[in-house]
Amino acid sequence: MKFYLINYNAENPQKYARAYIFENNIWKDENLFAGEYKAKHELPIPYYVENKIKPNDFVFAKNILVSKSFLKVIAQVNKDYEAFESQFYYKGKNLKSFSESTDNKTGIIWDLFYTMIFPSYELLNEEKSDCEYIYIESLKKQFIRSINNLVLSSNKVYSQDFNNNIFLLEEKKTYLLCTETAKQAIEEAGLTGIAFEEVPVE
């Protein structure tokens, strides 16, 4: 079984739409990028972008943001996930002045996108991976700060029943991974803005 890191395809970052949640919005305080949140708030989640470049199917953002087309693929390959409706606004910090000076009275651009919450699996091979750690004194616990060379554990992989083909790495939830099944489905759908990096299993 093959596994892949899912990354943004940033060949030219200057031509990408980058999305940020409004600073004063309650969703800003939720840990969405790690697939967690304390409470559900009003939807859609409001993001602002600094240009009018139409986002790809996988959006440049701190959170996992996908298009309707990508969500359809996720529904095919995953049993478990949550999708929160998300809306983009142009130059959100100046939304009022933008709305008043254009025919677009709302500032909303493009269709709805979705902020994704994925399940996580504990798959890291810590002996073979090159990890940097940080100790949090207040929590009396060591955490992985970064992984310079990711290797998955064959024992952990083959003990899992993968009902979900797109998921987070439990040990470091900023890592989004997928199986070959999901990779093929994404490629067959012609989704844009996505790059894959194969991850060894040992």
Could you tell me which residue of region 112-166 is least open to solvent (accessible area, probe 1.4 Å), considering only residues that are more than 21 Å from the chain's Cα centre (by Cα) and of a type in the set (Val, Ile, Thr)?
-> Val157
Tally the residues that are of a type in the set (Ser, Thr, Tyr) and either at pLDDT 95 or above or closer than 22 Å to Phe167 by Cα (or both), restricting the search to region 6-50.
-> 2
Determine if region 137-152 includes at least one residue that is of a type in the set (Phe, Trp, Tyr), part of a strand (DSSP E or B) and in contact (Cβ under 8 Å) with a residue 24 or more places away in the chain.
-> no
Residue match in region 51-64 (condition: at pLDDT 90 or above and over 15 Å from the mean Cα position of the chain (by Cα)) | no
Which number in (1) among the polar types (S, T, N, Q); (2) in contact with a strand residue (DSSP E or B) (Cβ under 8 Å, 6 or more places away or on another chain); (3) surrounded by 13 or more Cβ atoms within 10 Å (Cβ to Cβ) marks the one condition that Thr181 misses?
-> (2)
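The values are calculated or read from the model by the stated rules, or taken from the named source; none is laboratory data. As the structure is a computational prediction, the values presented were derived from the model and not from experiment. So basically every Cβ, Gly included, is an ideal-geometry build from the backbone, and we count neighbours across all protein chains shown. To get the accessible areas, we keep the full protein, side chains included, count just its heavy atoms, and leave off ligands, DNA and RNA. Shrake-Rupley method; radii C 1.70, N 1.55, O 1.52, S 1.80 Å.
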